[in-house]
């Protein structure tokens, strides 16, 4: 099997698993307990916090453990919005291609009377700092722009956006779920006020993540209860998962450059191979792109049948078609970069891992080419395109 | 994959009656590319019997499986019986479809009925329009899901 869905989740590394195991059977104490056994758990928790902070260029006190990226996004946005509202600022800036954890939270805020400006991301999926600057108003309380997109892999100019926000005194949050462990993060240098990440995207465990919040940024609690996480996130800490996350992030950060270089070469080989399929096009920017992300649209076919047939060939992939998203519309990200519905239905995302081989890349190119050709041959939509009854969107 | 029954996967992986009948006696097409599925049915009819049927489908796994199953169900049948085919019968023959995929079987039923209507129209055979689905508008709202 070739697992090419690392943007969905990743395999845990052995080291991360090993880092977790002692905390199930050996050091299972509650970090809130007073006796030495509990305090040992507390010390290890704080040590992990310190190590995670150092990977991000943050202070340990700025690291809040959450259940994952979605919770961190919710808490960051809700906090910034409500503290903004207290000062009469109820305007938020974001983009049309954020993760639903962001977009649905913004929808909730709209119902509470907030005004949300979603910036256009253009055909390459990138928003510029200048566009953010132009959208900032007197009553803007938050700019939230993702670091890298989960579907099409585009990397936003986060540092430049951060600088603009700092200059204008507006809080800047970035959903870095796809970026953490894969792209360099320095919250101070990049002027990031809040950042969300999730461990299972960089070979850590599921169900654990981080909300980084710069000192001085007011956080409200989503989960009320005990005084854990400086009173900002109640509930007994998921210590084993935190230990696994810390280990996975350290490994990812120390190997980042080498991994990125190798994966970028593999990614480009895959893109080059799939580019040879006629009437298909890469989604997202070719250069400002996550090292492991490949995303294409192919005319005349539908994504779910493509995925099922690739599954039969041992390839795990994903698509933004309506059938796979379980909704009426195809991926909001593909629509945001201007892909028409009929083309967005034929999308394919392959997100490769660090250990992918050239042979696997070549196998994937051959398999996708075969399956696309097979499905086109039974597609009346494709027939109409070939016969000129419908117009092609892409060139050959 | 547990998403679909074995039957659906069998018809998806090995679709029966895929193709085109160049000199078809009736052709029916439903769906639209914006919504992500199109089905096209070609019928060869000889003395009121469907002697051959082919389909082309643009769509998800269940759309392909529904077309395949539906064509199998009408092959060799008199036209009057073909018109009694329901999406429910197609779904049952496939051992069920997930709720959000039921529309695929509706498309199969409608494509076949449209092909029969085309056959009637071409041959001046009178019929009750009420027994056929209404014409869709291209670019109209997607009806399903």
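All of the numbers you see were taken from the coordinates with simple rules; none came from a lab. In this text, all values refer to a predicted model and were calculated from it rather than measured experimentally. FYI the Cβ positions are ideal-geometry reconstructions off the backbone, even for glycines, and counts take in every protein chain you see.
Grab the strands (runs of 3 or more DSSP E) fully contained in segment A:60-138, keeping just those with 3 or more residues being touching a strand residue (DSSP E or B) at 6+ places or on another chain (Cβ under 7 Å), surrounded by 19 or more Cβ atoms within 10 Å (Cβ to Cβ) and touching a residue at least 40 places away in the same chain (Cβ under 8 Å). If you could, list the steps in order and put the result at the bottom.
Details: elements: A:63-66, A:91-95, A:115-119.
The strands (runs of 3 or more DSSP E) meeting that bar are A:63-66, A:91-95.
So that you can scan it fast, the table gives a plain yes or no per residue for (1) within 14 Å of another protein chain (Cβ to nearest Cβ); (2) part of a helix (DSSP H, G or I):
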site	(1), (2)
A:308	yes, yes
A:333	no, yes
A:339	yes, no
A:353	no, no
A:356	no, no
A:396	no, no
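Please find, within segment A:310-321, the residue that is surrounded by the most Cβ atoms within 10 Å (Cβ to Cβ) out of those that are more than 8 Å from every other protein chain (Cβ to nearest Cβ) and under 11 Å from residue A:349 (Cα atoms).
Per the criteria, the residue is A:319.
Is it the case that some residue within segment B:24-44 is surrounded by fewer than 23 Cβ atoms within 10 Å (Cβ to Cβ), within 9 Å of chain A (Cβ to nearest Cβ) and assigned to a helix (DSSP H, G or I)?
So far as segment B:24-44 goes, yes, one or more of its residues are surrounded by fewer than 23 Cβ atoms within 10 Å (Cβ to Cβ), within 9 Å of chain A (Cβ to nearest Cβ) and assigned to a helix (DSSP H, G or I).
What's the total number of residues in segment A:208-222 that are assigned to a loop (DSSP other than H, G, I, E, B) and buried (at least 16 other Cβ atoms within 10 Å of the Cβ)?
Result for segment A:208-222: 5.
If you go through segment A:27-82 one residue at a time, how many are within 21 Å of residue A:100 (Cβ to Cβ) and in contact with a helix residue (DSSP H, G or I) (Cβ under 6 Å, 6 or more places away or on another chain)?
Final tally of qualifying residues: 6.
Out of (1) without any contact (Cβ under 8 Å) to a residue 60 or more places away in the chain; (2) more than 10 Å from chain A (Cβ to nearest Cβ); (3) in contact with a helix residue (DSSP H, G or I) (Cβ under 7 Å, 6 or more places away or on another chain); (4) outside any strand (DSSP E or B), what's the single condition that is false for residue B:62?
Only one criterion in (1) without any contact (Cβ under 8 Å) to a residue 60 or more places away in the chain; (2) more than 10 Å from chain A (Cβ to nearest Cβ); (3) in contact with a helix residue (DSSP H, G or I) (Cβ under 7 Å, 6 or more places away or on another chain); (4) outside any strand (DSSP E or B) is unmet by residue B:62, namely (2).
Among the candidates B:57, B:51, which residue alone is at the interface with another protein chain (Cβ under 10 Å from one of its Cβ atoms), in contact with a strand residue (DSSP E or B) (Cβ under 7 Å, 6 or more places away or on another chain) and outside any loop (DSSP other than H, G, I, E, B)?
Numbers: B:51 fails: at the interface with another protein chain (Cβ under 10 Å from one of its Cβ atoms).
On inspection, the qualifying residue turns out to be B:57.
Within segment A:165-176, does at least one residue satisfy the condition of being within 19 Å of residue A:249 (Cβ to Cβ) and surrounded by fewer than 24 Cβ atoms within 10 Å (Cβ to Cβ)?
Checked against the condition, which is being within 19 Å of residue A:249 (Cβ to Cβ) and surrounded by fewer than 24 Cβ atoms within 10 Å (Cβ to Cβ), segment A:165-176 yields no hits at all.
Within segment A:10-33, identify whether any single residue is surrounded by fewer than 16 Cβ atoms within 10 Å (Cβ to Cβ) and either under 21 Å from residue A:174 (Cβ atoms) or under 20 Å from the mean Cα position of the chain (by Cα) (or both), and answer yes or no.
Scanning segment A:10-33, I find at least one residue that is surrounded by fewer than 16 Cβ atoms within 10 Å (Cβ to Cβ) and either under 21 Å from residue A:174 (Cβ atoms) or under 20 Å from the mean Cα position of the chain (by Cα) (or both), so the answer is yes.
Using beta carbons and a limit of 8 Å, which pairs, at least six apart or on different chains, have the first residue in segment A:264-293 and free of Cβ contacts under 8 Å to residues at least 60 places away in the same chain and the second one part of a loop (DSSP other than H, G, I, E, B)?
So the pair list comes out as A:264/A:291; A:271/A:286.
Residue A:225 versus (1) in contact (Cβ under 8 Å) with a residue 60 or more places away in the chain; (2) in a loop (DSSP other than H, G, I, E, B); (3) more than 17 Å from residue A:101 (Cβ to Cβ): which is the lone unmet condition?
Only one criterion is unmet by residue A:225, namely (1).
Could you count how many residues in segment A:253-281 are surrounded by fewer than 19 Cβ atoms within 10 Å (Cβ to Cβ) and touching a helix residue (DSSP H, G or I) at 6+ places or on another chain (Cβ under 6 Å)?
3
Before we move on, is residue B:114 within 14 Å of chain A (Cβ to nearest Cβ), more than 23 Å from residue A:311 (Cβ to Cβ) and either in a helix (DSSP H, G or I) or in contact (Cβ under 8 Å) with a residue 40 or more places away in the chain (or both)?
yes
Please go through segment A:283-295 and pick out each residue that is in contact with a strand residue (DSSP E or B) (Cβ under 6 Å, 6 or more places away or on another chain) and surrounded by fewer than 24 Cβ atoms within 10 Å (Cβ to Cβ).
Those that are in contact with a strand residue (DSSP E or B) (Cβ under 6 Å, 6 or more places away or on another chain) and surrounded by fewer than 24 Cβ atoms within 10 Å (Cβ to Cβ): A:285, A:288.
Within segment B:45-59, take every residue that is in contact with a helix residue (DSSP H, G or I) (Cβ under 6 Å, 6 or more places away or on another chain) and closer than 18 Å to residue B:75 by Cα and give me the one that is surrounded by the most Cβ atoms within 10 Å (Cβ to Cβ).
B:57
Within segment B:66-86, can you find the residues that are in a helix (DSSP H, G or I), within 19 Å of residue B:8 (Cβ to Cβ) and either without any contact (Cβ under 8 Å) to a residue 40 or more places away in the chain or in contact with a strand residue (DSSP E or B) (Cβ under 9 Å, 6 or more places away or on another chain) (or both)?
Residues satisfying the conditions are B:66, B:67, B:68, B:70, B:71, B:72, B:73, B:74.
Here are some residues: B:107, B:97. Which one is crowded, with 18+ Cβ neighbours inside 10 Å, within 14 Å of chain A (Cβ to nearest Cβ) and over 13 Å from the mean Cα position of the chain (by Cα)?
B:97
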